[in-house]
Amino acid sequence: MDTKSTETQSTSLVERASKVMRSYFPILEWGARYTGKTFSNDMIVALIVTMMLIPQSLAYAILAGLPPEIGLYASMAPLLLYAIFGTSRALAVGPVAVASLMTAAAASQLASQGTPEYLGAAVALAMVSGLLLLAMGFLKLGFLANFLSHPVIAGFITASGLQIAAGQLAPVLGIHAEGENFLSIIISLWHSIGAIHIATTAIGIGSLIFLFWVRSGLKPLLIRLGLNAKISDILVKVGPVIAIVATILIVGGFGLADKGVKIVGKVPGGLPKLSMPPMDMALWLKILVPALLISIIGYVESISVALTLAAKKRQHVDPDQELIALGAANIGSAISGGFPVTGGFARSVVNFDAGAETPAAGAFTAIGIAITTLFLTPLLFFLPKATLAATIIVAVLSLVNIQALKQTWAYSKSDFAAMAATILVTLIEGVEIGLITGVGLSIVLHLYSTSRPHVAVVGQIPGTSHFRNVERHTVVTDPAILSLRVDESLYFPNARFLEELVNESVAANPAIRHLILECPAVNTIDSSGLESLEAINLRLKDGGITFHLSEIKGPVMDRLKRSHFLEELTGKVHLSQYEAVASINPDLAKITHEANVQKEM
């Protein structure tokens with residue numbers, strides 16, 4: 001018996017250890033079922049995404065104020081690590097526009113672009129972001145992302161898209177412009193408008209026109225030529241590769257680099273050297289807040305895309321494990337000389353549509369980027385920066401959603417205020433202050449809203465056991481009973497509000513002998529709320545009024561039982577509002593039934 005028991009316990013420990021390992025290393029789960037067919041599907045997807053990622057990596061590195069090869073470095077180790085730790089089958093990790101802009105905004109506060117200190121700050125941002133994401137994942141702190149409301153995120157991304165697009169107009173036109181926010185960039189562009197470079201502008205505007213046409217006109221053309229919609233969609237996504245190849249040939253063939261067209265130039269080949277980022281605690285403290293913002297914004301964007309795509313195939317995504325996976329990806333980026341990365345929407349959709357079956361597709365993409373870095377970088381010498389700028393503009397303008405402002409205004413004025421404030425402050429003051437303003441205003445507006453909760457006087461609908469707002473429905477009430485329904489949890493911001501409301505309601509009607517507080521929407525009562533209930537009970541008692549509660553939820557009731565409130569309550573706690581009223585006036589149900597009959601007659 002002892003031997004069998006020991007064997008059973010040993011087996012149980014092994015199974016639990018195996019389960020824990022699979023939860024932290026999802027590759028053990030899907031890797032065990034990996035087949036040759038899955039491999040071929042993932043390889044095809046990787047080829048498509050690699051062609052899409054190469055121009056984006058170069059462009060987003062330049063957007064971050066870094067040499068173009070840094071974008072390639074940030075597209076290798078992160079993808080390999082996400083394949084090990086990630087739970088999404090389709091999420092494509094790598095450099096993205098918003099994180100690149102936030103990297104530039106943070107690093108430019110510490111050093112000038114092109115300096116080793118600037119690169120060190122960008123790499124340190126990736127490391128600190130990765131460590132923060134790891135900590136949040138291990139501590140199950142994914143809920144912190146909930147403090148970024150959808151209107152704030154939408155406003156921030158819209159403003160960032162506009163700022164990024166404005167900043168890329170300068171290389172498209174071949175002029176110099178700079179600024180830390182949208183307003184300063186526009187002013188700088190206006191002052192430099194007279195110095196437009198004709199050849200650069202032709203390439204930049206031509207690339208823009210082509211790329212916009214690819215998005216709207218290429219798919220119908222391909223379908224008319226006989227390709228199916230799915231393949232056409234994928235080919236549309238790799239349109240930037242065509243623009244890059246064409247403009248490289250034009251610039252190189254006509255010697256436009258010698259005529260003033262700015263090109264990428266020599267891109268160092270070879271794989272990145274693994275090394276630790278700057279381990280300067282003073283630097284880390286300076287970038288802590290920007291790193292936290294990059295981490296949370298990146299996580300929100302990634303998990304939103306991952307969950308959306310997973311739902312289409314009924315796949316599972318673990319939000320907390322995604323924090324760990326993104327953390328590992330960013331640490332990998334830092335160690336390989338890259339900058340902050342996250343899941344990209346466009347690449348992930350391409351990944352999904354092309355048929356990615358496992359995260360291995362991302363690992364194969366990393367191999368494709370590595371091959372490019374080893375052997376193909378000389379081909380990028382004549383790549384005009386105007387083409388990369390056009391690629392960024394087309395990509396980020398899809399993030400701009402002005403229509404959301406109108407929709408949010410119609411639905412919620414407070415959400416609109418947070419969204420509009422985020423957009424305006426981001427455009428005027430910069431990305432970090434804009435985002436913090438939006439989050440802060442959202443929290444303040446939420447606290448204000450909950451500090452004045454909706455409280456309705458309810459009555460019984462004739463012939464039923466249902467109680468509804470007296471201002472919205474035809475109901476029957478007893479003058480001696482005041483029934484109030486609270487549509488919010490009772491906690492410190494609204495506790496005094498409820499006290500004042502009860503006092504005013506009782507003072508306005510001397511006939512009241514019973515007050516019933518209906519609590520179907522009360523999910524919690526904190527210490528301040530409990531103190532207010534005790535004060536209400538005492539004051540009503542002094543006025544000869546009995547205080548009752550109804551429809552208290554189980555967890556709330558459990559907490560009330562740990563206090564003296566229930567012992568001091570002058571009335572009772574009732575299971576339902578109908579039961580509460582019936583215990584005071586048993587004839588009310590009969591009265592409402594007769595009223596209903598008379599109404600039907």
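The values are calculated or read from the model by the stated rules, or taken from the named source; none is laboratory data. As the structure is a prediction and not an experimental result, all values here were calculated from the model. Reconstructed Cβ throughout: ideal geometry from the backbone, glycine too, with neighbour counts over all protein chains shown. Note: areas computed on protein heavy atoms with side chains; ligands, DNA, RNA excluded. Shrake-Rupley method; radii C 1.70, N 1.55, O 1.52, S 1.80 Å.
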Loop-only GluC sites (Glu not before Pro) in region 436-520, please: DSSP not H, G, I, E or B, and at most 12 other Cβ atoms within 10 Å.
Glu471
Carbon and sulfur atoms account, in whole percent of the 1.4 Å probe accessible area of the chain, for 64 percent
Take the alpha-carbon centre of region 328-375, take the same for region 392-447, and report the distance between them in whole Å.
29 Å
Heavy-atom accessible area of Arg496, protein chains in place, probe 1.4 angstrom, given in Å² to nearest 10, is 120 Å²
Given region 31-71, report the % of alpha carbon pairs whose separation exceeds 13 Å.
60 percent
Kindly report, to the nearest 10 Å², the accessible surface of Leu575 as traced by a 1.4 Å probe over protein heavy atoms only.
140 Å²
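Stokes-Einstein diffusion coefficient for region 290-332 at 20 °C in a medium of 1.002 mPa s, Rh from the Kirkwood formula over Cα pairs: what value in µm²/s?
After rounding, the answer is 197 µm²/s.
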With charges only on Cβ, +1 for K and R and -1 for D and E, what is the dipole size of the chain about its Cα centre, in debye, rounded to 20?
1780 debye
Please report the base-10 log of the normalised intensity I(q)/I(0) for region 74-192, using a Debye sum with one equal scatterer per alpha carbon and no solvent, at each q in 0.16, 0.18, 0.22 (1/Å).
-1.01, -1.20, -1.40
Cα-based helix-to-principal-axis angle, 527-542 vs the chain, degrees rounded to 10:
20 degrees
Relative contact order of region 306-427 (C-alpha contacts under 8 Å, at least 6 apart) in percent is 10 percent
Treating cross-link reach as a plain straight distance, find the lysines whose alpha-carbon is under 20 Å from the alpha-carbon of Lys312, omitting any fewer than eight places away in the same chain.
Lys230
DSSP-defined antiparallel bridges as percent of all bridges, the chain, nearest 5
45 percent
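Hey, with R₀ at 51 Å, roughly what FRET efficiency would Arg468 and Val241 work out to, going by the Cβ-Cβ distance, to 0.05? Please report the intermediate quantities before stating the final value.
On the way: r = 61 Å, r/R0 = 1.20.
E between Arg468 and Val241, to the nearest 0.05, is 0.25.
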Along region 514-519, Karplus-curve 3J(HN,Hα) (6.51, -1.76, 1.60; θ = phi - 60°) to the nearest Hz, with x for Gly and Pro, reads 9, 10, 10, 9, 8, 10
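Quote the convex hull volume per residue of region 377-517, based on C-alpha atoms, as a whole number of Å³.
Residue-normalised Cα hull volume stands at 206 Å³.
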All aspartates and glutamates inside 16 Å of Lys406 as judged from Cα atoms, apart from same-chain residues fewer than 8 positions distant
Asp415
Computed FRET efficiency, Cβ-Cβ of Leu271 and Gln407, R0 41 Å: what is it to the nearest 0.05?
0.30
Going by a ≥ b ≥ c, the root eigenvalues of the Cα gyration tensor, does region 139-270 fall in the rounded group (a/c under 1.5), the prolate group (a/b larger than b/c) or the oblate group?
oblate
At 20 °C in a medium of viscosity 1.002 mPa s, region 337-426 has a Stokes-Einstein diffusion coefficient, with Rh taken as the Kirkwood radius over alpha carbon pairs, in µm² per second, of 125 µm²/s
May I ask for the equivalent-ellipsoid semi-axes of region 449-578, computed as the square root of five times each C-alpha gyration tensor eigenvalue and listed largest first in whole Å?
21, 17, 15
What nm distance separates the two modelled labels at Arg496 and Ser563, each placed 7 Å from Cα along Cα→Cβ?
1.8 nm
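Hey, what D do you get for region 222-328 in µm²/s if you plug the Kirkwood alpha-carbon radius into Stokes-Einstein at 10 °C and 1.306 mPa s?
Stokes-Einstein gives a translational diffusion coefficient of 82 µm²/s.
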Top to bottom by accessible area (1.4 Å), largest first, where do Met279, Met419, Met557 land?
Met279, Met557, Met419
Do the alpha carbons of any pairs in Lys19/Lys313; Lys237/Lys413; Lys37/Lys237; Lys273/Lys385; Lys541/Lys561; Lys19/Lys140 sit beyond 28 Å of each other, and which pairs?
Lys237/Lys413
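Using only alpha-carbon positions, what ratio does the radius of gyration of region 142-181 give when scaled by 2.2 N^0.38 Å?
My calculation over the Cα atoms of region 142-181 gives 1.64.
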Straight-line reach from Lys262: which aspartates and glutamates have Cα under 20 Å away, leaving out those fewer than 8 places along the same chain?
Glu69, Glu178
Grab the Cα-Cα distance for Leu379 and Ala508, subtract it from 0.36 nm times how many residues apart they are, and report the gain in nm with one decimal.
38.1 nm
Projected convex hull area of region 275-404, Cα atoms, direction-averaged, in nm², equals 11.1 nm²
Karplus-derived HN-Hα couplings along region 86-100 (A = 6.51, B = -1.76, C = 1.60, θ = phi - 60°), whole Hz, x at Gly and Pro
x, 10, 8, 7, 10, 5, 9, 8, x, x, 9, 4, 5, 5, 5
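Accessible area per residue, 1.4 Å probe, Å², for the chain: what's the number?
Per residue, the chain has an accessible area of 48 Å².
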List the residues whose amide H sits under 5 Å from the amide H of Ser483, counting only those 5 or more places along or on another chain, with H placed 1.01 Å from N in the peptide plane.
Val458, Ile516
What is the calculated FRET efficiency for Ile209 to Ala135, with r their C-beta to C-beta distance and R₀ = 41 Å, to the nearest 0.05?
0.30
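If you scale each eigenvalue of the Cα gyration tensor by 5 and take the root, what three semi-axes come out for the chain, rounded to whole angstrom and sorted largest first?
Values: eigenvalues 656, 182, 115 Å².
Semi-axes, largest first: 57, 30, 24 Å.
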Could you tell me how many degrees, from 0 to 90 and to the nearest 10, lie between the Cα long axis of helix 116-138 and the main elongation axis, the longest principal axis, of the Cα atoms of the chain?
40 degrees
